[in-house]
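See below for the structure under consideration.
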Amino acid sequence: MVLDRLSTPLLGERKIESKYLYKGEQLKITEPAEPSALRWGQLNVDFTARFAQIAFTTVVALLLVLGGGIAISYARSISPSIAGCLITALNILTPRVVSALTKIESHPNASSVMASQYLKITAFRWTNTVLIFCIISPFTDTLMEDSLIEEIAKIFTLDLFLRPTLQYLNIGGNIGKHLKAPKAKRQRTMNLFFKADSYDIGERQTNITTIFFFTLFYSAIYPMGYFFAFAIFTLKYWLDKFCILRSWGQGPKIGTSVAKISNVFYLLALICFAIQTFYSYAMFPYDNACHVDTSDGSYTGSWNLTRMDGEEITDSVLVSDGHSE
């Protein structure tokens, strides 16, 4: 057990009998981390230095999120397909960038490291995958052809096919084993190329929470996302199970910090789902129709009706001042 000395408040002294106090003070007893999860070289880093490091990496992460949003916005102005591919590429590269950032931070154990990585990766992926499209997409184009609906479908499709394929192929690992290892000059160097890849349980959780949040956030306008999410979660389960048993190496034993943070994000996703769905179904504002007290004379007259796909309808509509027929 790890005993941290903690001064007992006055109210606490009434609740705890004196025989349980140590020299008039209450001892806070917490379960320590596993020996394999301890970061021995960073246990004695003081709070000020640790806080400064985390604050610096957090600011850098926020700047990277902003830069990713600008890049996605520019890619969307060129083509929605390019924007979808860019989002998938950023989601794949994000763990590597965040891992490099967290190396600057000082953490007492692996659980703290994974919790920090989890928060940063989730901020990246939730912003780039879900929130950016909601911000940059014109409101009147929500249900139009080749607009937000098309982009949502492309992201789901890429998550269903591209990312699992890259995970299964393990291109980097195969290059090391079949190309770099035979050219190694020493046996020890060659053996390192055959070392199993490690996995981050926090990064795996962010994949799930991102798809979960993405599905719920746009479920009102794209209910097909539920079927995509079911297929993605099923595929991730079996593929991750295969990689854990046959490909990935065993990671350090960690505590429950990642699971507790995940519960918070699941609850946040449900809250956003309730608000967004209520907003969408209450008045369904995406039909671009609204009531006005004044009329524009330029719309008065007889008009032919045309479908959204360009097909003309034989019927016509007569618009007069204040009503239509």
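The values are calculated or read from the model by the stated rules, or taken from the named source; none is laboratory data. Because the structure is predicted, anything quoted here is derived from the model rather than measured. Glycine gets a Cβ as well: all are built from the backbone with ideal geometry, and neighbour counts include every protein chain shown. Just the protein is used for accessible areas: all its heavy atoms, side chains included, with ligands, DNA and RNA removed. Shrake-Rupley method; radii C 1.70, N 1.55, O 1.52, S 1.80 Å.
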Dipole of segment 26-156, Cα-centred, from +1 at each Lys and Arg C-beta and -1 at each Asp and Glu C-beta, to the nearest 20 debye?
460 debye
Which of 181, 211, 265 sits closest to the plus end of the dipole of segment 124-277, meaning its Cα is farthest towards the positive end, when Lys and Arg get +1 and Asp and Glu get -1 on the C-beta?
181
List the lysines whose alpha-carbon lies under 18 Å from that of residue 177, not counting same-chain residues fewer than 8 positions away?
185, 195
What nm value, rounded to one decimal, do you get for the distance between residue 17 and residue 250 when each label is placed 7 Å out toward the C-beta?
4.3 nm
Heavy-atom accessible area per residue - segment 126-270, 1.4 Å, Å²
58 Å²
With all protein chains present, calculate the accessible area of residue 248 using a 1.4 Å probe and round the result to the nearest 10 Å².
50 Å²
The correct ranking of 233, 194, 213, 228 by accessible area at 1.4 Å, largest first, is 194, 233, 228, 213
For segment 53-155, which GluC sites (Glu not before Pro) are in a loop by DSSP, counting at most 10 other Cβ atoms within 10 Å?
145
Given points 7 Å out from each Cα along the Cα-Cβ axis, report the residue 136 to residue 168 separation in nanometres with one decimal.
3.1 nm
How large is the charge dipole for segment 165-218, taken about the Cα centre, if only the Cβ atoms of Lys, Arg (+1) and Asp, Glu (-1) carry charge, to the nearest 20 debye?
600 debye
Accessible area of segment 55-195 with a 1.4 Å probe: how many percent of it is carbon plus sulfur?
68 percent
About its Cα centre, what dipole magnitude does segment 109-178 give when the only charges are +1 on Lys and Arg Cβ and -1 on Asp and Glu Cβ, stated in debye to the nearest 20?
580 debye
